[in-house]
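Novice: Sharing a structure below in structure tokens format, with a few things to ask.
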Amino acid sequence: MKIENPKVTLADDARLGVKEEIRSGFLDWLHQFSVTADDGELYSLGGSILSMHLEQMDVVSINIAKGKGQSRQLPNSIYRITDYPGMLYENMWRHPAGTLTIEKREHSICVSCGPEYRVECFDNNEWHFMLDTQDGRYKADLWHRPQYAPLWYGREKPSYLTQHSITYGYNWVGEVHGQITVDGKTMGVKGLGIRERYVAVDSCAAEIGAWEDWGWISFNEIHSSFYDMKLGMKDFALYDLATDKYYPEGNLQIQHENWVFFRELGGFMPTLYKLKIELQDAVWEAEAEVCNATTWGATHKVPENPVATLTFGEVNGCMIASDGSVRSLTGGRGVLSIRQWHPYPYILPPDLYGEIERKQEECLNKFDTL
């Protein structure tokens, strides 16, 4: 969304309400990072504070995925299935409404929800995440530093993603650095990632529009985030660090390829994404291959529309100027969440669930719900 003044303020980061009547509204302070640690491994670090109006609950979720995998061909079958490392750790804490607090300071606000999740938002647009699962499994001290302006859902006016998915707020890609402690091992990390401020008036997963892509693919030279609801809205924001140009408008196209069956999701998912964004004076192109996937849900009941989060391993891209010159991009990373209205196809052969392999496989990619 293009707005008159796209710069983020502390008032945006602290925003709690909207003018519209709250129906199934919620608030969040979310992050989803892709970083490389001192041990050389790729980590996908996620979490959020989710304050839900109707349920009268303030929820904290924290998750970590580690490593890379691939898909594999099933014997005596035309199908391929995922073979990913999945989730390393995840947990969800359900606090009563009112646990969420916002402390105003001279040059920042500090948002916290219980002892597990605290984020300090500064007036220079940096966010400082301080996370602690309280069980000795995971602690994090992470800084997120974005550039210029985000992808806006809305400030004065909301986005009507669908008829019953109405929201204000933004998401924003930036550089990530800091340290994490996993099972007693402390490591420095560095990479890229997205953060989100979401102020929902109404939200209905069933109206998400058959298929949704939400996430980011970025490089050292260009940061970008986007969402695409096949029967609803799509939008993006792209910032070119080299030319200092911000692009909130253009034509976004996403192509899905190399579909494989993801058992934990109960459906097929693409493992190769090809993206093109046509801008006023250039074309941005990226190709990203999935190396890990996890499932999750965040409702007050078992979700009818579970979400899969895809971590990209190999990410390549370029920027093609209007004169035809091509600039190769480096350091590509990305994480993307998908939501299906229903699995496709409806009827699935038994070999997708392991019977043909004649062995029982433990499901390590579990997700928690409220």
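Novice: If a residue must be part of a strand (DSSP E or B), surrounded by fewer than 23 Cβ atoms within 10 Å (Cβ to Cβ) and small (Gly, Ala, Ser), how many such residues does the stretch 25-45 contain?
Specialist: Result for the stretch 25-45: 1.
Novice: Now a separate question. What about Thr299, is it in contact with a Pro (Cβ under 9 Å, 6 or more places away or on another chain), over 23 Å from Leu151 (Cα atoms), at pLDDT below 90 and hydroxyl-bearing (Ser, Thr, Tyr)?
Specialist: Taking the combined requirement at face value, the residue does not satisfy it.
Novice: Determine, yes or no, whether Leu50 is over 17 Å from Asn292 (Cβ atoms), among the aliphatic types (A, V, I, L, M), part of a strand (DSSP E or B) and modelled with pLDDT under 95.
Specialist: When the stated conditions are applied, Leu50 passes them.
Novice: Could you check Glu55 against (1) acidic (Asp, Glu); (2) in contact with a strand residue (DSSP E or B) (Cβ under 7 Å, 6 or more places away or on another chain); (3) open to solvent by 30 Å² or more (accessible area, probe 1.4 Å); (4) touching a residue at least 12 places away in the same chain (Cβ under 8 Å) and say which number it fails?
Specialist: Glu55 satisfies all of (1) acidic (Asp, Glu); (2) in contact with a strand residue (DSSP E or B) (Cβ under 7 Å, 6 or more places away or on another chain); (3) open to solvent by 30 Å² or more (accessible area, probe 1.4 Å); (4) touching a residue at least 12 places away in the same chain (Cβ under 8 Å) except (2).
Novice: In addition: State all residues of the stretch 241-258 that are out of contact with any Leu (no Cβ under 9 Å at 6 or more places or on another chain) and either surrounded by 17 or more Cβ atoms within 10 Å (Cβ to Cβ) or not small (Gly, Ala, Ser) (or both); if no residue qualifies, say none.
Specialist: Within the stretch 241-258, Leu241, Thr243, Asp244 qualify.
Novice: While we're looking at this one, here's another question. For the stretch 121-145, give me each residue that is part of a strand (DSSP E or B) and open to solvent by 20 Å² or more (accessible area, probe 1.4 Å).
Specialist: If the condition is that a residue be part of a strand (DSSP E or B) and open to solvent by 20 Å² or more (accessible area, probe 1.4 Å), then Phe122, His128, Met130, Asp132, Lys139, Asp141, Trp143, Arg145 are the ones that fit.
The values are calculated or read from the model by the stated rules, or taken from the named source; none is laboratory data. Owing to the predicted nature of the structure, the values given are computational and were not obtained by experimental measurement. Please note: Cβ atoms are built from the backbone with ideal geometry, for glycine as well, and neighbour counts cover all protein chains shown. Surface areas here come from the heavy atoms of the whole protein model, side chains and all, with no ligands, DNA or RNA. Shrake-Rupley method; radii C 1.70, N 1.55, O 1.52, S 1.80 Å.
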